[in-house]
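What follows is one structure encoded as structure tokens, with my remarks underneath.
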Amino acid sequence: MADRRSFVFRGVTPRQVLAALNRVASDLPLLSEVGFGLRLEASSVLGTYLSAVVPEFTDTVKGAQRQDAVNEAIGRLGSALAQVGGSADPAVEDVDEAAVMPWPAGTAWCLLNDTAEDATVSGSDEWLVLGFDLGDARAAQLVEDVRFHATHFRIGTATDPARRTVLVLHIKDDASRGASFRALRESGSLDDTVILRAAVVDGRYLFLPEDTRPGIRALQDFLRIVLADGRSFGLPERADEADMVLAVREEPGAEGQPPVATVYALETVEFEDQAEVTPKAAGYASLSLEPLEADSAKLIALSEAIQNAEPKVGYRLELRDGHHVDATEAERIRLMEQLSDLEYRLAYLNAVSEPRPVLLRYDGSQIAALADAIRAFPEADLRGERILYGFQATEDNPGGWHFLYFDPRATIMTEPYPAWRWKTPDASNMQFWLDPYWARYYADAGNQGLIFVPEGMALFPALHGWEPEDMDGYMRAMLRRWFDDDRAAADMPARPIYVFDGGAGPEADIRIQVIDFGAMRPVGLVLGWLNDNLVIRNGMNVEKQISGAAADMAWTEIAGTLRDDFVERQEELRKLSRDVNTELADTIEGIKVVATRKAMRLEEESARTVAQMQELMKKMRSVRDQLIEVQKLADEIEKQEQDVTESAAEWARDRVRVINGLAASVQDAARLRKAVDTNINGMINRLRRTRKNLVARIQGMNR
């Protein structure tokens, strides 16, 4: 590009540019018409800084009125720069247009390169991952990795101005719920994508590179500039500006060219929850300032490709044993899978160490076990609401299931409950506890539902929704997808209990039973019905009574024989006892003599031990005195470190004052140079007029 005569405001910082442009936001469309931009400068004193460049207005068609408007806008820009510490007087020079960034891209660059001296926005747990033209196989692998390591994610696809397929993953990385997205980022698996972290400013989302930490004022200024002139950023017209979601990234420019900063508008991308779609990959737009266009057709095509991919993407729910997995077990475990397994074990141990609600379940053949369990509770608790009873009949068990629910924090069994006595190899699980993951993350988050699994097991991997408080809705959505039954999800009770039953391991089948917690009643209200059930089920059995009577007679005869044998053996035992007592008395007398001798030797050894301990006490006092001296020396060193730290802080403040003084001196030098140039030009003009007058006089004298 050719050089162009321009007004140049030198020596401004990224923070000053953002603050000044926020003040003249209404003039930006007019300045855009004449090619307003920003240029990077280098200084041995100030390092890298910026110059605001406004080319001269040369459009003669629009006339003098337009010229005046542009000149006034330039004047207001200079005043705004002066208000934030810059120079109000521009230099006039020829500028290479190729070295100037358009002001929207330059403004984004200023945001990414602002050094926060004021407060900044803390890092969010929400991320954006973008992938460009990844291909179906890579996209499927990316989504599989994200699904495993992130708490939750939303997915969308778009097409950028270069017609590349862009996949966007909006990720929730809640470390408190066991997410390990950080490890995935640091593993290098996402090197072919763009990763941005969310900052929430005034209720608006702004995704930025993780290594940038602009100040709050810089973020606010940037958002106000975008809101004032979004068209210059290539952003769409929006009905509700509060919904604006932006992403900003920076890439190095071509050789000899400035870096390129790009702004993306994301509110046009249609995101789907992970529960609604099969995994996909993420992408971002190129180096332009144009919006992303939603492309649902490509999302559907990608979803079909992932569904047909081998190996299958996603995971299958399983119940795992609560004990530790053998370290030598042959399975493919990546580094983060090991961390996830540790998280699983931790949740298991927490569930064991802290009392959690218990659910007991019995089928019709286990009514006696139910009665045994009820007898184990205090009688007073049976009359209250601490122990709840529920009944549910199902297609595979028309006789119905009996449930007991109690919280060990409110009541406990006062008698041992021998569940093993009622457990048979073909019997179903009777004891369930609150799933360890659910107990850790969601039991106290305000959710109405509960998830129970067989005691000693846990669901793996854990079920995580976007927010802990919305797990009820998430579970309803998952059941709708698992069973493809919208009506079943709609009929779900307000307070459901999900019972996951089955064997441990990834190949075992899992049965899900949903019961209405709100329909359960205090067990005291149904004791009469349970007693009737026991009587009916275990009614009179004549054959059993006859065989029982015969057995009693046989035992009576055996008892008589045993009684006669017992009397004979008792007399033999008495004789043997007398002989043993005589021998024992002789043995005790010998033991006394030996014990006396050993006691005398022990007393002598004790005296020697006391003398050694006194010597050790002297040495300990000496060591203590030495420790006191060492502590005094350590305190002196700590005081010297504090003095050095305070001196370093004072040196840093002096350095800042020197740099600020140098910057002011550079600006004063520029103004002085301009004044000198003006004076020199005036002297040259006066000399020229004097020469002209002398020439005229000489010519007059020659006449």
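Brief remarks follow.
- Close Cβ contacts (under 8 Å, 6 or more residues apart or on different chains) running from residues in the stretch 93-105 that are of a type in the set (Phe, Trp, Tyr) to residues that are open to solvent by 40 Å² or more (accessible area, probe 1.4 Å) comprise TRP103/SER32.
- Per this entry, ALA82 is not counted among residues that are touching a helix residue (DSSP H, G or I) at 6+ places or on another chain (Cβ under 8 Å) and either open to solvent by less than 50 Å² (accessible area, probe 1.4 Å) or not in a helix (DSSP H, G or I) (or both).
- Filter result for the condition that a residue is part of a helix (DSSP H, G or I) and either open to solvent by less than 50 Å² (accessible area, probe 1.4 Å) or in contact with a helix residue (DSSP H, G or I) (Cβ under 8 Å, 6 or more places away or on another chain) (or both), over VAL129, VAL166, VAL143: VAL143
- Which numbered condition GLY178 fails, given (1) in contact with a helix residue (DSSP H, G or I) (Cβ under 6 Å, 6 or more places away or on another chain); (2) open to solvent by less than 20 Å² (accessible area, probe 1.4 Å); (3) of a type outside the set (A, V, I, L, M); (4) in contact (Cβ under 8 Å) with a residue 60 or more places away in the chain: (2)
- Residue ID - nearest to LEU112 (Cα to Cα), chosen from residues in the stretch 6-38 that are at pLDDT 85 or above and among the basic types (Lys, Arg): ARG15
- Residue in the stretch 184-194 that is within 24 Å of GLU270 (Cβ to Cβ), touching a Ser or Thr at 6+ places or on another chain (Cβ under 8 Å) and surrounded by 15 or more Cβ atoms within 10 Å (Cβ to Cβ) present: no
- Just one of (1) at pLDDT below 80; (2) surrounded by fewer than 10 Cβ atoms within 10 Å (Cβ to Cβ); (3) more than 20 Å from ARG361 (Cα to Cα) fails for GLY528. It is (3).
- Test: residue in the stretch 196-209 that is open to solvent by less than 60 Å² (accessible area, probe 1.4 Å), within 28 Å of ASP444 (Cβ to Cβ) and of a type in the set (Lys, Arg): no
The values are calculated or read from the model by the stated rules, or taken from the named source; none is laboratory data. None of the values given here were measured: they were computed from a predicted structure. No Cβ is skipped: glycine too gets one built from the backbone with ideal geometry, and neighbour counts run over all protein chains shown. The accessibility values were calculated without ligands, DNA or RNA, using every heavy atom of the protein model including side chains. Shrake-Rupley method; radii C 1.70, N 1.55, O 1.52, S 1.80 Å.
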